[in-house]
Amino acid sequence: MNISADVPFVSRPGSNLIAGALALGVHVVFVLLLVFGVSWQTQHPAPVMVDLWEALPPPPVAKPARPPASAPVKTPEPVKVKPAPRPAVDEPPPPKTPDIALEKKKAESERQKKLQAMQAVEEKARADAARKAQETQLAERKKRELLRQMEEEDLTRRMADEVAASEARQAKLAEAQAKLAEAATASKRQTEVAGVVGQYRDLISAKVRGNTRLPDNLAGNPQVRCLVKLLPTGEVQSVRVTQSSGNAAYDEAVVRGIWKSSPLPLPGERDARAAFVPELSFVHRPKE
Amino acid sequence: MNPDLSQDLSLFHLILNASLPVQLVMLLLLGASLMSWWFIFIKLFSLKRALRETDRFEREFWGGGDINAMYKEVAAGRGEAGEMARIFEAGFREFVKLRQQPGLSLNVIVDGTRRAMRATYQRELDSLESHLSFLATVGSVSPYVGLFGTVWGIMIAFMGLSSVAQATLAQVAPGIAEALIATAMGLFAAIPAVVGYNRYTHDIDRLANRMESFMEEFSNILQRQATKAS
């Protein structure tokens, strides 16, 4: 009897462990399903959040401005390198025009020479003509060399000019960049502060809106302007209606709502807080 | 900060942000669900094994083997024997013992044998049915427990709403979502438990029927043998 009572327990432990593992597995699968299901639902609003974050900070906006600015700085460098190949490209055209000029000159001089030679032939022997021809050739050569030198000088001057120009351009660009960066940081700072101020303005108005119980007889979208005196901690010291909506009950409700939402949320930054702390002009509309 | 992380955590976020009673309810339901699945798998294995052993024993028994040899075999390998084999062993042992005592009438011997078999049958049935009541309890109670957690969570969500003048859906939605997780967990625990309970009670009923009819047939066989011998 004892043995038969023990028997069921003999065969159990192994299968018990397997059963436990399987039970855990079922739960893990279920939790995974839930996690993936929930994240599928919440993924849709998330990209919007990401877009907002990317749009907010100005630095990425200022940075893209730099690459285009630095791009022209980089291009002069290839220009610097290019002058070396350029002479090879540019040199052929200058010789062409001089060639024509030379030919013309040659023709003229030859004519003259011919005339001279004719005269010389008449005056002197033909041997002189040959010498003179050599001389003219030499002169031609000299002229060519001179022209070439002129061209080369021109080229070097041009190159120097270009280098100087590019340097000047670079300097200008650097200046412009520096100015841009300064302006960007300044404007960044300003926009940041403005963004924080706007954000907290929205926060405050949301908080007050939540604490304001509107009167039932309110018609339209009347605006109330209040002057709220605040402590640096955000606690409300006094509230005064500076511009009534015309509906006394509604004015009262807004004032009560402001008192109820003390302390108001304030930004931690000093610059941004300056917009709120001593006194805050608060505008409230029932609908927005 | 990291959008991916915050999304993955959103479920856990909801659970962690829930109020303490709701969290306790969720914990309780998780425990119940784990236990009920554990028992479901234990029962699955043990019932499959019982069915297999019963089939094998019936085939052997009605295959026309020697009952004495079968008894010896079953008594030797007690650990592996199925429920029906153990009933057979208990009955036959009692029968042999009673036959050895002189001056006992046939009716007394057969009645004693049947009583011994019934006792073993009850014990086996009890061990087969163990844990089933837990499954039944989880199946019937955990939806209510989950509902309690949900009601509590929604109560708290609405209490928070009362302190705010302008009620928006965004102010109640997270509270209701986290409260509804409790109901989901309750149903997750209850549905398999109910299915398992119904399935296993049916299986056990059929096994019990087979064992009972075997007991009757075996006592008939023993009675026939005894009359033949005397």
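The values are calculated or read from the model by the stated rules, or taken from the named source; none is laboratory data. The shown structure was predicted, so the numbers you read here are calculated from the model rather than taken from an experiment. Glycine gets a Cβ as well: all are built from the backbone with ideal geometry, and neighbour counts include every protein chain shown. Note: accessible area is taken over every heavy atom of the protein model, side chains too, but ligands, DNA and RNA are not part of it. Shrake-Rupley method; radii C 1.70, N 1.55, O 1.52, S 1.80 Å.
Worth a mention:
- In the structure shown, the pairs A:Lys229/A:Lys260; B:Lys48/B:Lys72; A:Lys188/A:Lys229; A:Lys114/A:Lys142 are assessed against 18 Å; a Cα-Cα span above that value is assigned to B:Lys48/B:Lys72; A:Lys188/A:Lys229; A:Lys114/A:Lys142.
- Other protein chain Cβ atoms within 10 Å, averaged over every residue that makes up A:14-21: 4
- Shielded by partner chains, segment B:32-57 residues - at least 20 Å² of accessible area, 1.4 Å probe, vs chain alone: B:Leu34, B:Trp37, B:Trp38, B:Phe41, B:Ile42, B:Phe45, B:Arg49
- Residue-normalised accessible area of segment B:18-229, given per residue in Å² at a 1.4 Å probe: 51 Å²
- Only alpha carbons enter this Debye calculation for segment A:212-284, each as an equal point scatterer, and the log10 of I(q)/I(0) it gives at q = 0.20, 0.23 Å⁻¹ is -0.80, -0.97.
- Segment A:236-288: trypsin sites (Lys or Arg not before Pro) falling in loop per DSSP and having at most 15 other Cβ within 10 Å: A:Lys287
- The residues of segment A:212-284 expose, per residue, 54 Å² of accessible area to a 1.4 Å probe.
- Helical contribution to [θ] at 222 nm, DSSP H n ≥ 4, -39,500 (n - 2.57), averaged over chain B, rounded to 500: -31000 deg cm²/dmol
- Neighbouring partner chain Cβ atoms per residue of A:22-33, average, 10 Å criterion: 4
- Whole-percent carbon and sulfur share, accessible surface of segment B:18-229, 1.4 Å: 62 percent
- Counting, for every residue in B:83-96, the Cβ atoms of other protein chains within 10 Å of its Cβ and taking the mean gives 1.
- If you wrap the tightest convex hull around every Cα atom of segment A:154-235 and split its volume per residue, you get 168 Å³.
- Size of the B/A contact, given as accessible area buried on both chains, probe 1.4 Å, in Å²: 2700 Å²
- The label point for A:Ile18 and the one for A:Asn221, both projected 7 Å from the Cα toward the Cβ, are 7.0 nm apart.
- Stretch gain in nm, segment A:Leu203-A:Gln134, where the contour uses 0.36 nm per residue and the Cα spacing is subtracted: 15.0 nm
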